[in-house]
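S.K.: Submitted below is the structure of interest, expressed as structure tokens.
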Amino acid sequence: MDSTTRQPSVLFVYYSHTGQSLRVCDAMTEVLRGRGCAVTHAGIEFTDPRYLERFSVFPFPQVYRDLLGMAPPQLRRKTGQIRIPEAAQSGDYDLVVFGSPTWFFTTNMPLRSYLKSSEARTVLAGKPFAAYVVCRRYWSVNLKEVTKLGSAQGGTFLDGTKFRFEGGQIRSLLSLISYFGKGKMQERYLGVKIPPTNLKPDFADEARAFANRLADSLNP
């Protein structure tokens, strides 16, 4: 890159309780920086006192209560208290990328809370944004919600993708519950053989390909 050329700036805003969204972010960051972009990370912190106890530790102390207890507020599209990193409160970025784990079919509460905030409106106003979702099976509702909320805050949706876990709906759910309850991979849960949870081994290749698409849009 010519020394007089300004580096395109990219902001990643994500929530990552188990680190899966962050792993995608790191893989994409490597590509974008290699393509001459200045990349900033902003991990949202979930500070809501109603849920802080369960999300302050991993694995969940009482997995069924802690995991399934999030279903009612998630299905009602509720927001909660969060801590927003300074980098995601303002800034003139060329691209904003959102990383969203899928909670009960849709966007997780921490990221939804950011996307509805005045800080998001400041960052997104007139700017392109992209999104990736991390999910077991149902990803489209999550991606559509991120797209809708980001657009409502003045951003222009550019591109989106998904990163799915292994297994069908039932077995992947059992695998996820097992992981949240034990904090490690297991071969069986409740006597049923389960697939590995979390990102598939080839996720990094997909993340790099998506990052290159985004870099192409910044450096046509």
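The values are calculated or read from the model by the stated rules, or taken from the named source; none is laboratory data. In this text, all values refer to a predicted model and were calculated from it rather than measured experimentally. With ideal geometry, Cβ positions are generated from the backbone for all residues, glycine too; neighbour counts draw on all protein chains shown. Accessible surface is based on the protein model in full, side chains and every heavy atom, while ligands, DNA and RNA are left aside. Shrake-Rupley method; radii C 1.70, N 1.55, O 1.52, S 1.80 Å.
S.K.: Identify, by number, the condition in (1) touching a strand residue (DSSP E or B) at 6+ places or on another chain (Cβ under 8 Å); (2) open to solvent by 10 Å² or more (accessible area, probe 1.4 Å); (3) closer than 24 Å to Phe203 by Cα that Arg77 doesn't meet.
M.R.: (3)
S.K.: Can you find a residue in segment 46-61 that is surrounded by 14 or more Cβ atoms within 10 Å (Cβ to Cβ), among the polar types (S, T, N, Q) and out of contact with any Phe, Trp or Tyr (no Cβ under 8 Å at 6 or more places or on another chain)?
M.R.: Scanning segment 46-61, I find at least one residue that is surrounded by 14 or more Cβ atoms within 10 Å (Cβ to Cβ), among the polar types (S, T, N, Q) and out of contact with any Phe, Trp or Tyr (no Cβ under 8 Å at 6 or more places or on another chain), so the answer is yes.
S.K.: Collect the residues in segment 118-174 that are open to solvent by 50 Å² or more (accessible area, probe 1.4 Å) and closer than 17 Å to Ala207 by Cβ, keeping them in residue-number order.
M.R.: Trp139, Leu158, Lys162, Arg164, Glu166
S.K.: Can I ask one more? Filter segment 175-191 down to the residues that are polar (S, T, N, Q) and surrounded by fewer than 17 Cβ atoms within 10 Å (Cβ to Cβ) and list them by number.
M.R.: Residue satisfying the conditions is Gln186 alone.
S.K.: Where the second residue is open to solvent by less than 10 Å² (accessible area, probe 1.4 Å) and among the hydroxyl-bearing types (Ser, Thr, Tyr) and the first is under 24 Å from Asn198 (Cβ atoms) and lies in segment 103-126, which pairs have Cβ atoms under 7 Å and are six or more apart or on separate chains?
M.R.: Thr107/Ser100; Asn108/Ser100; Leu111/Ser100
S.K.: Tally time: how many residues in segment 124-141 are assigned to a helix (DSSP H, G or I) and modelled with pLDDT of 95 or more?
M.R.: Summing the residues that are assigned to a helix (DSSP H, G or I) and modelled with pLDDT of 95 or more in segment 124-141 gives 1.
S.K.: Is there a residue in segment 94-117 that is among the small types (Gly, Ala, Ser) and open to solvent by 30 Å² or more (accessible area, probe 1.4 Å)?
M.R.: no
S.K.: Something else: Filter segment 9-27 down to residues that are open to solvent by less than 10 Å² (accessible area, probe 1.4 Å) and within 24 Å of Thr122 (Cα to Cα) and give me whichever is nearest to the chain's Cα centre (by Cα).
M.R.: Ser21
S.K.: Suppose we filter segment 152-187 for residues that are part of a strand (DSSP E or B) and modelled with pLDDT under 90; how many remain?
M.R.: Residues flagged as part of a strand (DSSP E or B) and modelled with pLDDT under 90 within segment 152-187 amount to 2.
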